[in-house]
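Notes follow the structure.
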Amino acid sequence: MSSTTQPTQDYSSFYAHIGSYPELGIFRRFGGYWAKRLYDETSELVECITKLEEELRKWPGFEATTVLDCPKRLLKEIKPRSEEERSKLESLCAKWDAYDKALLQYGEILCVSEQVMNLPSQNIFYNKKLVEWKMPEFKPIFDNGDFYPTGEPAEHYRDDPQRSDTFAWRTLPHEDILTKCLLHAGPWIEKHVVKRWSQYRKTNSTGGTTSMQFGHLVAIMDTLACIIASLMLVATIAILVVVQTMTARVVLIGVFGTLFAFLLKLMAGNPSRGEVFAATAAFYAVAAVFVGSDSASK
């Protein structure tokens, strides 16, 4: 590795930053190796079962010839009548113990690998922060095509985390469509908006690759969602007050209801189909009640 001469303490702030912001950390999943390990354990377990059942067939007094049909308590009931039978019993018990260990080992690897494969992919926002990590007094973590902490090729950690064999230490699940679009535009916003605003206020950033935090972006989107949801209903009622023709009112309610459903899907954090239907139905109900009461008062 080309960067082996770099002192580790140069990167202490990087590791400390991951400790404070686990979303930044990205690690190899090694999915292919976990798959191989599972198949290796499967092969080992099948071999142990085969050997155990071969040993069971050597005992003519057993009606069961498979592991599933033979309770383990039967082994304790066997009374060897000779040294040969004692030796056969010891062999049978040893193979049963090997089968038990192989089954337990398979279960442990299966559960651990299932947890690893279900760990979240890194958020694209934090992936860009990792790729662009730069501190004025420290060296970059990507050096000559290598990822310094592990010495692996940089593309393992630079590629799109949705497609690479990596996972995040922790991620934030709040990702609606509009927020994802803003995350992709994060570097541009940081460069042309946040930094210029910081320069205008004469503030200096002390760490990380950007002063724009994902949590702040989510808070802004949540606030905008509340404001837009209220404005949609207010705007609909205001226009219905002006429009007097019933046909035009029905058309306008349909248009605004469709727009409301679209904005709900766009900004509400990936709602389910049922939630979209329920919220849209509530919107139509309020608009219909207003039209009905307004028509009855005239």
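For GluC sites (Glu not before Pro), the sites in region 35-139 that DSSP calls loop and that have at most 13 other Cβ atoms within 10 Å are Glu63, Glu137. Ranked by the mean number of other Cβ atoms within 10 Å of their residues, highest first, the peptides 221-230, 24-33 come out as 24-33, 221-230.
Rounded if a/c is under 1.5, else prolate if a/b beats b/c, else oblate: with a ≥ b ≥ c from the C-alpha gyration tensor eigenvalues square-rooted, which is region 226-270? Oblate, because a/c is 1.5 or more while a/b does not exceed b/c. The equivalent ellipsoid that matches the C-alpha gyration tensor of region 214-296 spans semi-axes of 27, 14, 9 angstrom, in descending order. The slack between Ala248 and Leu104, meaning 0.36 nm per residue of separation minus the straight C-alpha distance, is 44.9 nm. With a Förster radius of 25 Å applied to the beta-carbon distance between Ser12 and Lys36, the computed FRET efficiency rounds to 0.10. Given the pairs Lys128/Lys265; Lys129/Lys265; Lys36/Lys129; Lys36/Lys101, which span a C-alpha to C-alpha distance of over 23 angstrom in this model? Cα-Cα > 23 Å for Lys128/Lys265; Lys129/Lys265; Lys36/Lys129; rest within. Under the simplified labelling scheme, the Val112-Ile227 pair shows an inter-label distance of 5.1 nm, with each label point 7 Å from Cα along Cα→Cβ.
With no solvent and one point on each alpha carbon, what is the Debye value of log10 I(q)/I(0) for region 59-153 at q = 0.10, 0.11, 0.20 Å⁻¹? Ignoring solvent entirely, the Cα scatterers give -0.57, -0.60, -1.06.
All of the numbers you see were taken from the coordinates with simple rules; none came from a lab. Predicted, not measured: the structure shown is a model, and the values here were computed from it. Here the Cβ is made from the backbone with ideal geometry for all residues, glycine too, and neighbour counts use every protein chain on show.
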